[in-house]
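Data first, discussion second: the structure below is written as structure tokens.
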């Protein structure tokens, strides 16, 4: 007998869960707060320009290959590997450091400032790779029922890695490199987790291994939103319906089980089981009203940095600017340590730039460019007032103009600004936190909100704030883990 599943939210975790469950014989239906699918993996179309809202590249392609095999579908999008991952510039210098996947080309970038770079980087990457392969299946890609499960799993990891738990990413880089520029550049992986290298455990230097050695970074042909479009096309083939503009705000329970969820219009949504792709911590507090996830408790948790994003259409090309760019300042440690608490001004911001139309020419009219700018900022706990949004945007545009030697203010024909307020409201992100819960030692493994509910046996969770963590491949792994848990409890209805 078929079981009906209602999935709340259509982010990558929700979409991949839907297709995995459909292949197993479950009847799947979805509700989505917004008017289109994708969650943070979304898209803006405006004034003839097209922008990916959030992620602009991804890694661990084998997780997507594993997913399509499991879901018994063809790969629904095309991607290509980046041989040059990104460029990094420092304020006050015209020098660009290009981060190549080829170690010899990479070494030439730093030969003037880091003697014996190739040997040092080789040692650093071997350490990260050894740790990655030791924990990927033992720790990362598995479910935990309780803390003892996690503790037993951790005992299988070699004790030589213990120092990585107590050191920060920055401390780890200090073990290998001397140059300030090298350490700052390769500590940027912490920002990919929505944190800083001074408060992120050294275990996450394994991300340098994944970007430079293991699988690398990849762009999606036609833009990242093609992932969502491809998955929803596959869902249509399987008659999986998504109801848009539908926000879950309440619930009904009966005999210790969840009977139904209720949307903003008072409509009941009834299923045999439920998968929540909204933030696993915030949903428990906001909708299920759990005391352990009250606003007071949530405020005390470590959340990832919030995004301040600009989507700019300009009436000219900037061919000299690479595809992916990081623009850093000259006070990295001070800036990093203060940005979480809103102790910095944004007169001289740090930010990332993606020239969208470099990889996707159709994203801009002929002779024009589409630009995406992301500046990590404090969430709404630390900076609740964003009425200075236009001033911050102007500062970023001015700084970028100076550094690429093009007065962008004279060429902007389309501009969209999203502060943490807009990100919060669009995707129910707690206090505007861009990537959900952070990844310190108290919020990884079994310490993250579980992917099954503490009270109701028929609610499960998928996405960034549950296992295993944030990032596109992590969302795909998260869907695998939650489906394993569901099928263990409810069975494989048919192959």
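Does residue 402 count as more than 26 Å from the chain's Cα centre (by Cα), in a helix (DSSP H, G or I), free of Cβ contacts under 8 Å to residues at least 60 places away in the same chain and surrounded by fewer than 20 Cβ atoms within 10 Å (Cβ to Cβ)? Criteria met by residue 402. Evaluation of residue 8 against the conditions (1) within 23 Å of the chain's Cα centre (by Cα); (2) farther than 24 Å from residue 258 by Cα shows that the sole unmet condition is (2). Of all residues in region 204-221, those that are surrounded by fewer than 19 Cβ atoms within 10 Å (Cβ to Cβ) and modelled with pLDDT of 95 or more total 2. Look at (1) without any contact (Cβ under 8 Å) to a residue 24 or more places away in the chain; (2) closer than 28 Å to residue 70 by Cβ and you find that residue 427 fails only one, number (1).
Rundown of residues vs (1) touching a helix residue (DSSP H, G or I) at 6+ places or on another chain (Cβ under 8 Å); (2) within 30 Å of residue 277 (Cβ to Cβ); (3) touching a residue at least 24 places away in the same chain (Cβ under 8 Å); (4) in the same structural domain as residue 189 (by TED's automatic domain parsing), yes/no style:
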{"position": "372", "(1), (2), (3), (4)": "yes, yes, yes, no"}
{"position": "398", "(1), (2), (3), (4)": "yes, no, no, no"}
{"position": "414", "(1), (2), (3), (4)": "no, no, yes, no"}
{"position": "417", "(1), (2), (3), (4)": "yes, yes, yes, no"}
{"position": "443", "(1), (2), (3), (4)": "no, yes, yes, no"}
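Take the conditions part of a strand (DSSP E or B) and crowded, with 16+ Cβ neighbours inside 10 Å and apply them to residue 285. Does it pass? No: the conditions fail for residue 285.
Confirm whether residue 178 is part of a loop (DSSP other than H, G, I, E, B) and either over 22 Å from the mean Cα position of the chain (by Cα) or within 21 Å of residue 338 (Cα to Cα) (or both). Reasoning before the result, please.
Numbers: part of a loop (DSSP other than H, G, I, E, B): yes; either over 22 Å from the mean Cα position of the chain (by Cα) or within 21 Å of residue 338 (Cα to Cα) (or both): yes.
Yes, satisfied.
In the set 40, 20, 105, only one residue is at pLDDT 95 or above, at negative phi, surrounded by fewer than 19 Cβ atoms within 10 Å (Cβ to Cβ) and not in a strand (DSSP E or B); that residue is 105. Taking the numbered list (1) surrounded by 15 or more Cβ atoms within 10 Å (Cβ to Cβ); (2) assigned to a helix (DSSP H, G or I) in turn, residue 142 passes all entries but (2). What number of residues in region 446-471 are in contact with a helix residue (DSSP H, G or I) (Cβ under 6 Å, 6 or more places away or on another chain) and surrounded by 22 or more Cβ atoms within 10 Å (Cβ to Cβ)? Looking only at that region, the number is 10.
Let's see how each residue does on (1) under 18 Å from residue 464 (Cβ atoms); (2) in contact (Cβ under 8 Å) with a residue 12 or more places away in the chain:
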site: 280; (1), (2): yes, yes
site: 286; (1), (2): yes, yes
site: 301; (1), (2): yes, yes
site: 305; (1), (2): yes, yes
site: 313; (1), (2): no, yes
site: 321; (1), (2): no, yes
site: 326; (1), (2): no, yes
site: 334; (1), (2): no, no
site: 341; (1), (2): no, yes
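The values are calculated or read from the model by the stated rules, or taken from the named source; none is laboratory data. Computed from a predicted model, the values in this text were never measured in an experiment. Cβ: placed from backbone, ideal geometry, glycine included. Neighbour counts: every protein chain shown.
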